[in-house]
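What follows is a set of notes on a single structure, which appears directly below.
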Amino acid sequence: MSSITLTYFDIHGGRGEVARLALFIGGIEFEDRRVKFSDWAALKPDTLFGAIPVLEVDGQLVSQCNGINRFVGKLAGLYPTDPWQAALCDEAMDAVEDATAPVVATFGIKDEAELEAKRQALVDGPLTFYLTRLQRRLEAHGGEYFADGRLTVADLKVFVWIRHLRSGTLDHVPTDLPDRVAPRLVAHHDRVRQHPKIGAYYAKHGVA
Ligand SMILES: N[C@@H](CCC(=O)N[C@@H](CS)C(=O)NCC(=O)O)C(=O)O
């Protein structure tokens, strides 16, 4: 039995959330090390690439969220063994990363008018684009799952992303954007949310 620690910010979302969910679904014991934003500056220089999530397995460290998702997905039985299905799973996870990068680039903009303009450009550009294209990929695979005809880490990744977009925590991004642009991704989100283990996970953390 390996000793596993996942280090990520103390939020119910973001790049570390998929691994937390996958480990929980797989019934794999791990230390959920949650970093407060106020503690981050002190910790950052000691991380592998100055960023989290970081996974520690039996004293060895690895970073990069989708690599971590693949690793824990394999442990938890949530990653395809078939190479083609694995590629489809990776495609969806990396598309979410592509969609996330320009949003992250707007974090820290202090000028409200500039932030509004940049977020509006995201809504009209990459966010609508990736929502539309991911919905198309979901439909191409039957409409229920992104790969392997079953729940994989790709479904968890898209679920966490859609939840974030609808959460209202991204100023100037309308919370109904996914509903308007990609209703099948919202239906997918709702289905994943109803998975008994996902329900149990958020009940445990007191999240609605
Ligand atoms: N390519 C990395 C990106 C990791 C990353 O940028 N993480 C963010 C949180 S989601 C972070 O650590 N931000 C704090 C910082 O860069 O100082 C991955 O996929 O894990």
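The numbers here are math on the coordinates, done by the rules we state, and not lab data. A quick note: this is a predicted structure, and the numbers were derived from the prediction, not measured. Glycine gets a Cβ as well: all are built from the backbone with ideal geometry, and neighbour counts include every protein chain shown.
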Revision key, fill the gap. Projected area averaged over all directions for the convex hull of the alpha carbon atoms of segment 135-208, nm², comes out at 5.1 nm²
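How large is the dipole of the chain about the Cα centre if only Lys and Arg carry +1 and Asp and Glu carry -1, each at its Cβ, rounded to the nearest 20 debye?
Values: 24 positive and 28 negative charges, 79 e Å.
Around 380 debye, computed over the chain.
Using 29 Å as the Cα-Cα cut-off, could you pick out the over-long pairs in Lys44/Lys118; Lys74/Lys197; Lys36/Lys197; Lys44/Lys110; Lys118/Lys197; Lys110/Lys204? Don't skip to the end; give the middle numbers.
On the way: Lys44/Lys118 27 Å; Lys74/Lys197 17 Å; Lys36/Lys197 26 Å; Lys44/Lys110 22 Å; Lys118/Lys197 37 Å; Lys110/Lys204 35 Å.
Beyond 29 Å: Lys118/Lys197; Lys110/Lys204.
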Exercise for review: Using a Förster distance of 22 angstrom, determine the FRET efficiency expected from the C-beta separation of Asp82 and Glu144, and round it to 0.05.
Suggested key: 0.80
**Study point:** Net lengthening on full extension, Lys204/Leu115 (0.36 nm per residue, minus Cα-Cα)
**Key:** 28.5 nm
Check your understanding: With the contact rule set at Cα under 8 Å and sequence spacing of 6 or more, what percent relative contact order holds for segment 71-178?
Key -> 33 percent
Study note, to complete from the structure: Expressed in angstrom, Rg and Dmax over the Cα atoms of the chain are 16.9, 52
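Set the Förster distance to 25 Å, then compute FRET efficiency between Lys197 and Ala42 from the Cβ-Cβ distance, nearest 0.05. Present the calculation step by step, with values, prior to reporting the outcome.
Details: r = 34 Å, r/R0 = 1.37.
For Lys197 and Ala42, the calculated efficiency is 0.15.
Would you work out the relative contact order for the chain, in percent, from Cα pairs under 8 angstrom that are 6 or more residues apart?
Numbers: 269 pairs, mean separation 42.3, N = 208.
RCO, the chain: 20 percent.
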